[in-house]
Amino acid sequence: MRERNDQTSEALAPPSEARPPIVESSALSALQSATGEKSTGDVLSDVLRTAKLTGALFFLVDAAPPWELGVPHAKAFAPIILPRAQHVISYHVIARGSCWGALIGEPAVALAAGDILVFPHGDPYVMSSAPSDSSKVDVDGALSFFRLMAGGQLPFTVIEGGTGEDRTHLVCGFLGCDARPFNPLLATLPRMLHVRRRSDPQTDLLTQLIELTVAESRTERAGGACIRLGLAELMFVEAVRRYFATIPAAETGWLAGLRDPAIGRALALLHERPAHAWTLDELASNVAMSRSVLADRFTYFMGQPPIQYLTQWRMQVAARSRANGASKVASVAFEVGYASEAAFSRTFKKITGVSPAHWRQQSAMR
């Protein structure tokens, strides 16, 4: 058989249509069950699972003015709270009261009860009772705090600031995920993501998750840490879903493309059957578009043609399989649509910079 050329719309016909195994996130599955969502065709869930979203650290802050919490770049504290993670995302949910949040050196935004503030790319930031003019973070102090919290030497609820009655309660979550070789969700999120509370808290899922989290934190019970970390994942996913629902019509990027009916369908097909020998003609036929219109529209949203996207997604799935260590290179190549181990290895190295074997060794060392 001839080898597939990933630079064209041609694909190597794989010997099987078997979908590569993906490690499920129990928290994500629970959210799908609670909201009636199904994993089939759910591209967002597929990316979150394959990018290995995991709870790293989770605690509550009970603060009264004046108070200020500075957090350094995630690269500084990631080895402390989740040493095996490629990347750490920070987020804070305002459970009660109000406060301000800002990237270091950027204008602060006002936050009210029910709001959530996400820092997807690990930038340094500050949370405070009033707009802060801080241009730097006390890195040593912050790292000391993370070491104590990760080591279980601090209470789950941290008291900050003064002793007044005008208190703010923050849910502070830190999540690990894969950023390489290809995480399209992470790439499309802004440096700071502010999601506002919905108008009806009685039917608001995020409000319910916050209440459950606070209730769980009041009593130390067996399995409590696992439940709280699962809740941390769920709140982040719900924040992303809210952002997804509010993206302006003129926006481009992965989430905007996911919302477009035709491009969303094309993405669902590629994610449902990544090992299939997709061609641009076949994909266009499945979404009722001409080849040229699909190529142009897909590239408009995603910044790359469909087959190039498919190649990168295959390598992300393959990288996760290699990191899990359960499959040989030939098996992984087969699972993502390559009949030739050599062709797969060349593409993998081109995208990741290392061979599949080296990737496995690097993952084992983390």
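Every read-out reported here was derived from the displayed coordinates using simple, explicitly stated rules and does not represent laboratory data. None of these values were measured; they are calculated from a predicted model. Don't worry about glycine lacking a Cβ; one is built from the backbone with ideal geometry, like all the others, and counts go over all protein chains shown.
Values computed for the structure shown
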| read-out | value |
| --- | --- |
| Virtual spin-label span in nm between Glu211 and Asp138, 7 Å along Cα→Cβ | 3.7 |
| Degrees separating the helix 26-35 axis from the principal Cα axis of the chain, which is the longest one | 90 |
| 15 Å beta-carbon shell around Arg265, net charge (K/R +1, D/E -1) | -2 |
| Extension gain (nm, one decimal) between Ser285 and Ile159, 0.36 nm per residue minus Cα-Cα | 39.5 nm |
| Most mobile listed residue (Ala319, Ala78, Ala288) in the chain, GNM with C-alpha springs under 10 Å | Ala288 |
| Cut-off 12 Å between beta-carbons: net charge of the residues surrounding Pro131, Lys and Arg +1, Asp and Glu -1 | -3 |
| For region 219-250 and region 93-110, distance of Cα centres in Å | 19 |
| Where Cα atoms sit under 22 Å apart: lysine pairs in the chain separated by 8 or more or lying on different chains | 7 |
| Degrees, to the nearest 10: 356-365 long Cα axis against longest axis of the chain | 20 |
| Rough spin-label spacing in nm, given labels placed 7 Å along Cα→Cβ, for Arg221 and Lys350 | 5.4 |
| Rounded FRET efficiency, nearest 0.05, which uses the C-beta distance separating Ser98 from Val293 and R0 of 30 Å | 0.05 |
| Total formal charge among the other residues, if their Cβ is under 13 angstrom from that of Tyr300, Lys/Arg +1 and Asp/Glu -1 | -2 |
| Quarter of the Cα convex hull surface for the chain, i.e. its orientation-mean projected area (nm²) | 19.3 |
| Whether region 220-313 is rounded, prolate or oblate, judged on the alpha carbon gyration tensor where a/c under 1.5 counts as rounded | prolate |
| Fully extended contour minus Cα-Cα distance, from Asp200 to Ala110, at 0.36 nm per residue | 30.4 nm |
| Between helix 205-217 and the chain: long-axis angle, C-alpha atoms, 0 to 90°, nearest 10 | 60 |
| Per DSSP, loop chymotrypsin sites (Phe, Trp or Tyr not before Pro) in region 290-332 with at most 14 further Cβ within 10 Å | none |
| Electrostatic dipole magnitude of the chain [Cβ: Lys, Arg +1; Asp, Glu -1; Cα centre; debye, to 20] | 1080 |
